[in-house]
Amino acid sequence: MHTYSRQPLLLVKGEGCRVWDEAGREYLDFVAGLAVCNLGHAHPAVAAAAATQLKELVHVSNLYYTTPQIELAEELVRLTFADRVFFCNSGAEAVEAALKLARRYAAELFGPEKHRLVCMHNSFHGRTFGALSATGQEKFRQGFEPLLPGFVFVPFNDFDALDTTVDDRTCAVLLEPIQGEGGVNPADPDYLLAVRRLCNEREVLLVFDEVQTGMGRTGRLFAYERFGVTPDIMAVAKALANGLPMGALLAKEEVAQAFTPGTHASTFGGGPVLAAAAKAALEIVGAPEFLTAVREKGAYLEDRLQDLKSRFPVIREVRGVGLMWGLELEAEGAPVVDACREQGLLVNCTQGNVIRLLPPLIVEPAELDQGLEILAAALEKMPL
Ligand SMILES: *Cc1c(COP(=O)(O)O)cnc(C)c1O
């Protein structure tokens, strides 16, 4: 069905930061499957892990244990604040699981009155009814109402609004540490610290949606580390298995125990092929040297983007962290996306006027230079 306005491009092959179309034309890919292929395309270690497992054991359901799932869960627990993991198949499903866990935890501990979720304007959490009910953007909700009851919205980065909204009926606050689809809007570090404090004081869970910001994107394995603010529950997906569909819900023990056998499930969740791929990806992305390199390349990219801003008045603002950047333009972004593509660079535009750059984390500085040259040439053609 026609649910995407697609680019006129048929892609047939990928390797590292590059993809090729059916005519053999090469493109530098700064979309990376929308922050999914963090290790680039056709990463040999991920491909080998998945291929080996594909020939060994593909699916048995979660009625039984499998080694890849156990090892992946152990690794996620070792590398994060979490004590327990629930596996699913997408970002929206991870958010659904987070909403259900938050409600159930509060219902058991405080009773059914404490069921409200406080969410952010301009957020994006996915397209299923629960995730959509938490998404604070009218354009996604329109025509699907009534959505789930019990969701209230406050402006992002506005502590006073949160302070007056969180009450006895609030079970959780849900936010993206850096709003991705909403236009690459990072949280103020002081705001997140204050949100954490407020949640502690009022016995409210703090839920982070790290579907886009996770798996090294910000130069830390997860963005919460960068802010020094630990959530109680975290939704992960996108880059978890570097291109294979996998999501996960992470939580501390005390919260996780609200899910008991039968309360939540997923037939495919955490299947051995995906888990083997994710474990291979995590081994690379979770290494401190790898993350240091992401931070260094991120700082380099930031400098170069600020240079662009000083050269092109059409750039209103440059925002981002690590290798997740947005250039807010004074004009529509679609012509820039088209001009870049014609010159061999794939970039995404969100919110109509924010050019979003999400290069694979393995990108080389020379590839960043090459991409930015194409971007500069495209901006050159813009009025202003
Ligand atoms: C992409 C995204 C989702 C939805 O993930 P799907 O896999 O498309 O369901 C949820 N939250 C955030 C922050 C995202 O960027």
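Every read-out reported here was derived from the displayed coordinates using simple, explicitly stated rules and does not represent laboratory data. In this text the structure is predicted, and so the values were computed from the model without any measurement. Cβ coordinates were reconstructed from backbone atoms using ideal geometry, including for glycine residues, and neighbour counts include every protein chain displayed.
Among 140-147, 266-273, 290-297, how do they line up from the highest to the lowest mean number of other beta-carbon atoms within 10 Å? Before the final figure, lay out each step's value.
Numbers: 140-147: 10.5, 266-273: 20.0, 290-297: 17.0.
Put in order of decreasing packing, that is 266-273, 290-297, 140-147.
Let me check I have the definition right: for the chain, take the eigenvalues of the Cα gyration tensor, multiply each by 5, take square roots. What are those semi-axes in whole Å, largest first? Walk me through the numbers on the way to the answer.
Details: eigenvalues 216, 139, 68 Å².
Sorted largest first and rounded, they come to 33, 26, 18 Å.
Each label point is 7 Å from the Cα along the Cα-to-Cβ direction; what then is the distance between the points at GLU283 and GLU26, in nm?
Once both label points are built, they end up 2.9 nm from each other.
If I model a spin label at SER61 and GLN343 as a point 7 Å from the Cα along the Cα→Cβ vector, what separation in nanometres do I get?
5.6 nm
Quick one: putting +1 on the C-beta of Lys and Arg, -1 on the C-beta of Asp and Glu, what dipole do you get for the chain around its Cα centre, in Debye to the nearest 20?
Working: 35 positive and 50 negative charges, 118 e Å.
The calculation lands at about 560 debye.
Among the aspartates and glutamates, which fall within straight-line cross-link reach of LYS309, defined as a Cα-Cα distance under 18 Å, with same-chain neighbours fewer than 8 residues apart omitted?
Of all the aspartates and glutamates, those that pass the test against LYS309 - Cα under 18 Å, at least 8 places apart if same chain - are GLU317, GLU328, GLU330, GLU332, ASP369, GLU373, GLU380.
Hand me the chymotrypsin sites (Phe, Trp or Tyr not before Pro) from the range 1-62 located in a DSSP loop with no more than 13 other Cβ atoms within 10 Å, in residue order please. Mind dumping the intermediate values first?
Working: sites: TYR4, TRP20, TYR27, PHE30; in loops: TYR4, PHE30.
Those that pass, being in a loop and sparsely packed, are TYR4.
Taking the alpha-carbon centroid of each part, what is the distance from the range 322-358 to the range 257-295 in angstrom?
30 Å
Can you sort HIS264, HIS2 so the residue with the fewest Cβ neighbours within 10 Å comes first? It would help to have the intermediate numbers written out before the result.
Values: HIS264 17, HIS2 5.
Going from least to most buried by this count: HIS2, HIS264.
At R0 = 25 Å, how high is the FRET efficiency between THR230 and LEU34 if r is their beta carbon distance? Nearest 0.05 is fine. Walk me through the intermediate numbers first.
On the way: r = 26 Å, r/R0 = 1.05.
So the FRET efficiency works out to roughly 0.45.
Quick one: which residues, 5 or more positions from GLN179 or on another chain, have an amide H under 5 Å from its amide H? H modelled 1.01 Å from N in the peptide plane, none for Pro or chain starts.
ASN185, ALA187
Can you work out the FRET efficiency for the pair ARG169 and ALA265, with r the C-beta to C-beta distance and R0 = 22 Å, to the nearest 0.05?
Values: r = 28 Å, r/R0 = 1.27.
It comes out at approximately 0.20.
Would you mind checking the range 206-237 for residues with the amide N under 17 Å from a putative spin-label position 7 Å along Cα→C-beta of THR292?
Once the point is set 7 Å along Cα→Cβ of THR292, 219-221 turn out to lie under 17 Å by backbone N, inside the range 206-237.
Spelling out what I want: for every residue of the range 311-320, take phi, set θ = phi - 60°, compute 6.51 cos²θ - 1.76 cosθ + 1.60 (Karplus), and round to whole Hz; glycine and proline get x.
Per-residue couplings from phi come out as 8, 10, x, 5, 7, 7, 7, 10, 10, x Hz.
If each of TYR300 and ARG316 carries a label point 7 Å out from its Cα toward its Cβ, how far apart are those two points in nm?
Going by the 7 Å Cα→Cβ label model, 3.1 nm.
Over the Cα atoms, compute the radius of gyration (one decimal) and Dmax (the largest Cα-Cα distance, rounded to a whole number) for the range 43-102, in Å.
13.6, 38
Sum up the lysine pairs in the range 44-285 that clear both bars: alpha-carbon distance under 20 Å and a spacing of 8 or more or different chains.
Details: LYS55/LYS279; LYS100/LYS114; LYS100/LYS252; LYS114/LYS252; LYS238/LYS279.
Lysine pairs, 8 or more places apart or on different chains, close enough: 5.
Residues of the range 218-232 with backbone nitrogen within less than 19 Å of a virtual label 7 Å along the Cα-to-Cβ line of GLU254, please, listed as ranges.
Under cut-off, by backbone N: 229-232.
Quick one: grab Rg to one decimal and Dmax as a whole number for the range 236-334, Cα atoms only, in Å.
Looking at the range 236-334, its Cα Rg and Dmax stand at 19.5, 58 Å.
Can you give the helix-only mean residue ellipticity at 222 nm for the chain, where every DSSP H stretch with n ≥ 4 adds -39500 (n - 2.57) and the sum goes over all residues, rounded to the nearest 500 deg cm²/dmol? Numbers along the way, then the final one.
Values: 14 runs with 151 residues, N = 384.
Taking each H run of at least 4 residues, the total per residue is -12000 deg cm²/dmol.
Run down the aspartates and glutamates and flag those whose C-alpha is under 14 Å from the C-alpha of LYS13, throwing out any fewer than 8 positions away in its chain.
ASP21, GLU22, GLU26, ASP29
Enumerate the amide H contacts of VAL363 below 5 Å, restricted to partners 5 or more residues apart or on another chain; note that Pro and chain-start residues carry no placed amide H.
Those lying under 5 Å, H to H, from VAL363: there are none.
Could you compute the FRET efficiency for LEU148 and HIS121, with r as their C-beta to C-beta distance and R0 at 22 Å, rounded to 0.05? Before the final figure, lay out each step's value.
Values: r = 17 Å, r/R0 = 0.79.
Working from the Cβ atoms, E equals 0.80.
In sequence order, what are the phi-derived ³J(HN,Hα) couplings for the range 351-356 according to the Karplus relation 6.51 cos²θ - 1.76 cosθ + 1.60 with θ = phi - 60°, rounded to whole Hz, with x for glycine and proline?
In residue order, the calculated couplings are 6, x, 9, 10, 6, 9 Hz.
Give me, ordered by chain and number, the residues 5 or more places off THR170 or on other chains with an amide H under 5 Å from its own placed amide H.
ARG116
Where in the range 159-185 does the amide nitrogen come within less than 19 Å of the point 7 Å from the Cα of ALA194, taken along Cα to Cβ?
Of the residues in the range 159-185, 159-167, 173-179, 185 have backbone N under 19 Å from the label point off ALA194.
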